[in-house]
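What follows is calculated from the coordinates using simple rules that are stated; it is not laboratory data. Keep in mind it's a predicted model, so treat the numbers as computed, not measured. Cβ: placed from backbone, ideal geometry, glycine included. Neighbour counts: every protein chain shown.
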Ligand code: ZN
C-alpha cells in the first residue's frame, strides 16, 4: 500500500456557519465549496491547506453518522476522522484485510469530489477513525 499524503482532516460541526466562521475568518483558510453526499447524510465543506484539506462535516439528517457522533460527544463538534490519500484503494484494502485490520467498508464507496473512499474500524487503529481515499 502506498500512502501519498494526508488527504484531509474531517471535523464534525453542529452548525455550519459557526464552523465556517472559525476556519475562514479566524484561521484564514479559503472556503472552496461544499458538497452533499446523500448516501452518508452529510454535507462536507472544504478548506484547502497546502495539498491537504480541512473538511467540515455537517449532518443532513438526525440519524446520520455525523449527527450520532455529535450526540455522543455531548452535543459538540470535534475531530472525527483522518483521511490518507492512497495510490490504489483496492490494493490498500486487500493489504489491510490481509493484515487483519477490521474494515467498515470492505469495498470502496463514492465520497465527495468523486473520490473512492473506505473507512477502517477504530477498533483496529487504536481508536482513530481512519479513512483511505483515492482521487479520481
Ligand atoms: Zn473524509
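Which shape class, rounded, prolate or oblate, goes with region 5-59 when its Cα gyration tensor gives a ≥ b ≥ c as root eigenvalues, a/c under 1.5 marks rounded, and past that a/b bigger than b/c marks prolate? Verdict is oblate for region 5-59. Looking at the chain, the DSSP beta bridges with both ends there are about 75 percent antiparallel. The antiparallel fraction among DSSP beta bridges confined to region 76-136 stands at about 65%. Normalised by residue number, the volume inside the convex hull of the Cα atoms of region 45-114 is 131 Å³ per residue. With just the Cα atoms defining each centre, how far is region 16-40 from region 59-135? Give it in Å. Between the Cα centre of region 16-40 and that of region 59-135, the gap is 19 Å. Could you work out which residue, out of 78, 126, 50, moves most in a Gaussian network model of the chain, that is, has the largest mean-square fluctuation with Cα springs under 10 Å? The residue that fluctuates most here is 50.
Counting pairwise Cα distances across the chain, what percent come out greater than 17 angstrom? Write down the numbers at each step before the final one.
Values: 5412 of 9180 pairs.
Result: 59 percent of Cα pairs exceed 17 Å.
In plain terms, the residue of 25, 105 with the fewest other Cβ atoms within 10 Å comes first and the most crowded comes last, giving 25, 105.
Rounded, prolate or oblate: which fits region 77-119 when a ≥ b ≥ c are the square roots of the eigenvalues of the alpha-carbon gyration tensor, with rounded for a/c under 1.5 and prolate only if a/b beats b/c?
In terms of gyration-tensor shape, oblate.
What's the angle, to the nearest 10 degrees (0 to 90), between helix 89-98's Cα axis and the longest principal axis of the chain? For helix 89-98, the angle is close to 60 degrees. Taking 49, 58, 13 in turn, the Gaussian network model of the chain (Cα-Cα springs below 10 Å) assigns the largest fluctuation to 49.
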